[in-house]
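Chemist: Provided herewith is a single structure, encoded as structure tokens, for subsequent inquiry.
The values are calculated or read from the model by the stated rules, or taken from the named source; none is laboratory data. On a predicted model such as this, the values are computed, not experimentally measured, just so you know. We place every Cβ from the backbone using ideal geometry, glycine too, and count neighbours over all the protein chains shown.
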Amino acid sequence: MSDSDLQKRSAAVAALEHVADGMRLGLGTGTTAAYFVGALAEKVGRGLDVLCVPTSEAMRAQAAALGIPLSTLDDTPILDLTVDGADEVDGELNLIKGGGGALVREKIVATSSRSMIVIADRSKKVVKLGRFPLAVEILPFGFSATVMKIEGACRSLGCEGALEPRVRNGKRFISENGNFILDCSLGEIGDPPALAAALSAVPGVVGHGLFIGIASLALIAGDDGVERIEP
């Protein structure tokens, strides 16, 4: 197991300390979240009583295979805690998420929770967001027109760079919601809240990977232990 994987697992295990019997949990998507689900399954096997809402079909399949009790957000609309990874996290708990393409479902689940814990390895901690491309989920209708509006919104805030439709295996990536993903390589984002608001105001944008004011705690694992980042 690589150092990065060891750190991801350490962060996932640390998050388990915040899970109590009877909780309703949101399960994030991605490699770090998968470590949390694996560790959670072990506790469920020993009698922990939880009910979980996954943020993607891949996570639903993993959790179901491990015997974790599952629900949907329609049946369980208020959650106690969501545990999820991040592509980047800064010192103010602003996040970039969406590398896996589940950003809209992840945000819906996270904001339906009383709290959100971010788990990550040390490489995901940054001083300023923007090193990792920002994912924006866009309706297929009027895609090119929407991209032009996104470009203008970014430029108005001093954020410029390549805006590329996400492609996987030679084909346009389609989200689980049936939409396209635009990856925006903007470099350093000077004002994440302002950019988040500007992108949300663009017609055709379903959601974006800037998570502002949503996370309540980040557990960042390194070789020397797990660092806590709180508001």
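Chemist: Being within 11 Å of Leu199 (Cα to Cα) and acidic (Asp, Glu) is the filter here; which residues of region 144-173 pass it?
Modeler: Passing the criteria: only Glu151.
Chemist: Exactly one of (1) in contact with a Lys or Arg (Cβ under 9 Å, 6 or more places away or on another chain); (2) buried (at least 20 other Cβ atoms within 10 Å of the Cβ); (3) not β-branched (Val, Ile, Thr) is unmet by Lys8. Its number?
Modeler: Single failed check for Lys8: (1).
Chemist: If you don't mind, there's one more thing I want to ask. Criterion first (closer than 25 Å to Asp3 by Cα and either assigned by TED's automatic domain parsing to the domain that holds Glu188 or not aliphatic (A, V, I, L, M) (or both)) does Pro133 satisfy it?
Modeler: yes
Chemist: Given the residues Leu199, Leu157, which is the only one that is closer than 20 Å to Lys107 by Cβ and either of a type in the set (A, V, I, L, M, F, W, C) or in contact with a Cys (Cβ under 9 Å, 6 or more places away or on another chain) (or both)? Give the derivation first.
Modeler: On the way: Leu157 fails: closer than 20 Å to Lys107 by Cβ.
From the options Leu199, Leu157, the qualifying one is Leu199.
Chemist: Applying the selection to region 61-88, what residues are more than 28 Å from Ile229 (Cα to Cα) and in a helix (DSSP H, G or I)?
Modeler: Of everything in region 61-88, those that are more than 28 Å from Ile229 (Cα to Cα) and in a helix (DSSP H, G or I) turn out to be Ala61, Gln62, Ala64, Ala65.
Chemist: If you check Gly30 against the conditions, is it touching a residue at least 12 places away in the same chain (Cβ under 8 Å), farther than 18 Å from Ser113 by Cα and surrounded by 24 or more Cβ atoms within 10 Å (Cβ to Cβ)?
Modeler: Working: touching a residue at least 12 places away in the same chain (Cβ under 8 Å): yes; farther than 18 Å from Ser113 by Cα: yes; surrounded by 24 or more Cβ atoms within 10 Å (Cβ to Cβ): yes.
Considered against the rule, which asks whether it is touching a residue at least 12 places away in the same chain (Cβ under 8 Å), farther than 18 Å from Ser113 by Cα and surrounded by 24 or more Cβ atoms within 10 Å (Cβ to Cβ), Gly30 comes out as yes.
One line per residue, one yes/no per condition, for (1) modelled with pLDDT of 95 or more; (2) under 19 Å from Gly30 (Cα atoms); (3) not assigned by TED's automatic domain parsing to the domain that holds Asp74:
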{"residue": "Ala162", "(1), (2), (3)": "yes, no, yes"}
{"residue": "Arg166", "(1), (2), (3)": "yes, yes, yes"}
{"residue": "Ile181", "(1), (2), (3)": "yes, yes, yes"}
{"residue": "Ile189", "(1), (2), (3)": "yes, no, yes"}
{"residue": "Leu217", "(1), (2), (3)": "yes, yes, no"}
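Chemist: Next question, about the same structure. Would you mention how many residues in region 7-48 are under 20 Å from the mean Cα position of the chain (by Cα), in a helix (DSSP H, G or I) and not aromatic (Phe, Trp, Tyr)?
Modeler: Residues meeting the conditions: 19.
Chemist: Does at least one position in region 87-99 carry a residue that is crowded, with 24+ Cβ neighbours inside 10 Å, more than 20 Å from Ala197 (Cβ to Cβ) and not acidic (Asp, Glu)?
Modeler: No.
Chemist: Output the number of residues of region 89-130 satisfying the condition of being over 12 Å from the mean Cα position of the chain (by Cα) and farther than 16 Å from Ser4 by Cβ.
Modeler: Result for region 89-130: 12.
Chemist: Let me ask something additional. Kindly establish whether Ile181 is of a type in the set (A, V, I, L, M), under 27 Å from Leu93 (Cα atoms) and part of a loop (DSSP other than H, G, I, E, B). Before the answer, list the steps.
Modeler: Details: of a type in the set (A, V, I, L, M): yes; under 27 Å from Leu93 (Cα atoms): yes; part of a loop (DSSP other than H, G, I, E, B): no.
No: the conditions fail for Ile181.
Here is a yes/no grid of residues against (1) closer than 16 Å to Ile138 by Cα; (2) without any contact (Cβ under 8 Å) to a residue 60 or more places away in the chain; (3) outside any strand (DSSP E or B):
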position	(1), (2), (3)
Gly158	no, yes, yes
Glu176	yes, no, yes
Ile189	no, no, yes
Ala194	no, yes, yes
Val202	yes, yes, yes
Ala215	no, no, yes
Ile220	no, no, no
Val226	no, no, no
Pro231	no, no, yes
